[in-house]
Amino acid sequence: GFVVGHAGLYQALAMFAVAYFIIGMTVLSVCAIATNGALDAGGAYCILCCGRALGPEFGGSIGIMFFLANVCGSALYVLGLVEAVVDSFGIPPGQKAGTGVHVLPQSYWYELLYGTVLLALCLLVCLVGASIYAKATFLIFLIVAGVLGTILVSFFATRPIGVPWGGFSHGLGMGTLRRGSHTSPSQPVPVCLAGGYGVDYTTGQMMSFSSVFAVMFNGCTGIMAGSNMSGDLKRPSYSIPRGTISAVLFTYLVYNLLAFLMCATCNRTLLQKDYGFLRDISIFPPLVTVGIYAATLSAAMSNLIGASRILYALARDDLFGRALALAKKTSASGNPVMAVILSWLVVQLVLFSGKLNTIAGVVTTFFLLVYATVNLACLALEWASAPNFRPTFRYFTWHTCLLGIAGCCVMMFLISPVSASASLGFLLLLLLALHYLSPSSTWGYISQALIFHQVRKYLLMLDVRKDHVKFWRPQMLLMVQNPRGSTRLIDFVNDLKKSGLYVLGHVELQDLDTLPSDPLQPQQDSWLSLVDKLNVKAFVSLTLAPSVRHGVRQLLFTSGLGGMRPNTLVLGFYDDAAPQD
């Protein structure tokens, strides 16, 4: 109703199409990565980081961003529930005592208290564990489905009525009571086809396309709910694709159907000035109230439990050292209770923002950034042709990943350029902090896979038959016997190579047949460290041979690849003196 009332039917349908296009592309990427082997706890963080897709720096920083997105999302749904409770049971402004069911005082601090109590209820469910959460969520799903059925019937069954707005519900004096109207689809009504943006009565701010889209998009961000519980599902690679895709299709159809029915039966005044109008036109109003409470409570719990699982996965990977050590502690059943409590504390801090629409833009920006990164992870794995990326879900291509990234980035800056810039800046700071401060990791890096793929492609394109004297360049093989006494020679030849191939060669005078193992393998890392220390652009090639002449011949034949082979052999002055350190 909020979306159709301000944006009109045409723009509302466009908003749904854009939002579901973005999340549709992301869902394909999520399904691809979720079906690529076993998934552990941590949802999107597991997909990006534990799946070793983007490495610890990028995966860890996005994990923090997704944790914050879930935290802010949980607070957003709690605040939405508080608004609904106060709307139903709040004492009208200007009155000292309520009448009937309107007994709850209204003020910033009272609403913060109600939010704290509701959040404590979510905390209790999440502390018990994932099993009780799953049962509670299924019960809530049944309730919401039943309420949705009665709402759809109510659009046709309820006779035309005038619905009062103002008064106690919306902060207006009792003398300013006004009326919105509802009629049946078969009778004429001034339909809201075009946009007619007005003032949001909960915040007093003028609405626009971007601000309405920011609020609406939070109704589409549940696509990670299944993957957030990847560690609690019996068969995540089976359940996540089927559950997520069916949920996305179902909600898209429901949103569009409701938009059409609201446009056909309710005037703009009603939709803009009474966000709880579904109760007034329902054949059984209390059921709608129960449905709103159940839906928002379920969403708040989903985000809280998702945030805790991400925090637990981050702590377990030791990317932030001792800062998250407390979040590693679990109960006897394996429930990360400390991560749940820490997530609850952060959500409690976000509740001080006061109103749902105040934080909607920030939450949407966070989620869009995470979705863009999930698409980026899938795109990188696809472009790298990594042999360990063999998802059983095949309904995606690099085109869908690229479209998902572009859609997320464009909408981020359209909704709030300030929030988008601040989020990207914060992400960059996290990247730098993890790069320089986090403990060393043995994880693989997608950048290395991408570099390998591109180098192989261009080496194949480097045709030796097309060599020409005009473009000849020296490609050096420098023989080094004692590296500690040859550092100046290594630097000198580095200056001579003129952007050509440069190989440091070393011959070990031994016979492999008489040795228990290859003695060159342990030396390889030391030679590479020497290259890093001297800051020269060189490769290292080591060999075993009975004589230096045989060793040099082997290196000339085996060094390089394709069109990149040494054409110049460099030897230092002959010196048979014993080397000195």
Report task. Rank 398, 110, 335 by how far each Cα sits towards the positive end of the charge dipole of the chain (+1 on Lys, Arg Cβ; -1 on Asp, Glu Cβ) and give me just the farthest. Result -> 398
Query raised in the report: Between 239, 71, 207, whose Cα lies farthest towards the positive end of the dipole of the chain when Lys and Arg beta carbons carry +1 and Asp and Glu beta carbons carry -1, centred on the Cα centre?
Result: 207
Query - Å² of accessible area per residue within the range 476-571, as computed with a 1.4 Å probe and no ligands counted - result: 62 Å²
Requested in this report: Please work out how much length the chain gains when fully extended from residue 238 to residue 496, using 0.36 nm per residue of separation minus the C-alpha to C-alpha distance, in nm with one decimal.
Outcome: 87.1 nm
Query raised in the report: Roughly speaking, what is the centre-to-centre gap between the range 377-422 and the range 287-307 when only Cα atoms are used, to the nearest Å?
Result: 29 Å
Report task. Treat each spin label as a single point 7 Å out from the Cα along the C-beta direction, and report the residue 153 to residue 469 distance in nm. Result -> 9.4 nm
Requested in this report: With +1 on each Lys and Arg Cβ and -1 on each Asp and Glu Cβ, and nothing else charged, work out how big the dipole of the range 476-571 is about its Cα centre, in Debye to the nearest 20.
Outcome: 460 debye
Report summary line: Sorted by chain and number, the residues with a modelled amide H under 5 Å from that of residue 540, at a separation of 5 or more or across chains, are 504
Report task. Work out the FRET efficiency for residue 21 and residue 520 from their Cβ-Cβ distance, taking R0 = 45 Å, and round it to the nearest 0.05. Result -> 0.25
Query raised in the report: Considering only DSSP beta bridges whose two residues both sit in the chain, what percent are antiparallel, to the nearest 5?
Result: 35 percent
Query raised in the report: Amide H neighbours of residue 318 under 5 Å, counting only residues 5+ apart in sequence or on other chains, H built in-plane at 1.01 Å?
Result: none
Report task. Could you go through the range 453-461 in sequence order and give the Karplus-derived ³J(HN,Hα) for each residue, using 6.51 cos²θ - 1.76 cosθ + 1.60 with θ = phi - 60°, rounded to whole Hz, and x for Gly and Pro? Result -> 4, 6, 4, 4, 4, 6, 5, 5, 7
Query raised in the report: How much solvent-accessible surface does residue 543 expose, in Å² to the nearest 10, with a 1.4 Å probe and all protein chains in place?
Result: 20 Å²
Query raised in the report: What does the charge dipole of the chain about its Cα centre add up to, to the nearest 20 debye, if the Cβ of each Lys and Arg holds +1 and the Cβ of each Asp and Glu holds -1?
Result: 940 debye
**Report entry** Residue (of 380, 347, 366) at the positive-pole extreme of the range 298-407, dipole from beta-carbon charges
**Finding:** 347
Requested in this report: List the longest stretch of the chain that has no exposed loop site; here a site is one of the trypsin sites (Lys or Arg not before Pro) assigned by DSSP to anything other than H, G, I, E or B, with at most 12 other Cβ within 10 Å.
Outcome: 235-393
Query - Cα centroid separation, the range 66-81 to the range 1-40 (Å) - result: 18 Å
Query raised in the report: Under 5 Å between amide H atoms, partner at least 5 residues away or on a different chain: which partners does residue 90 have, H built in plane at 1.01 Å?
Result: 104
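The values are calculated or read from the model by the stated rules, or taken from the named source; none is laboratory data. Just so it is clear, the model here is predicted, and its values are computed rather than measured. Neighbour counts run over all protein chains shown; Cβ positions are idealised from the backbone, glycine included. Keep in mind that these areas ignore ligands, DNA and RNA; they rest on the heavy atoms of the full protein, side chains included. Shrake-Rupley method; radii C 1.70, N 1.55, O 1.52, S 1.80 Å.
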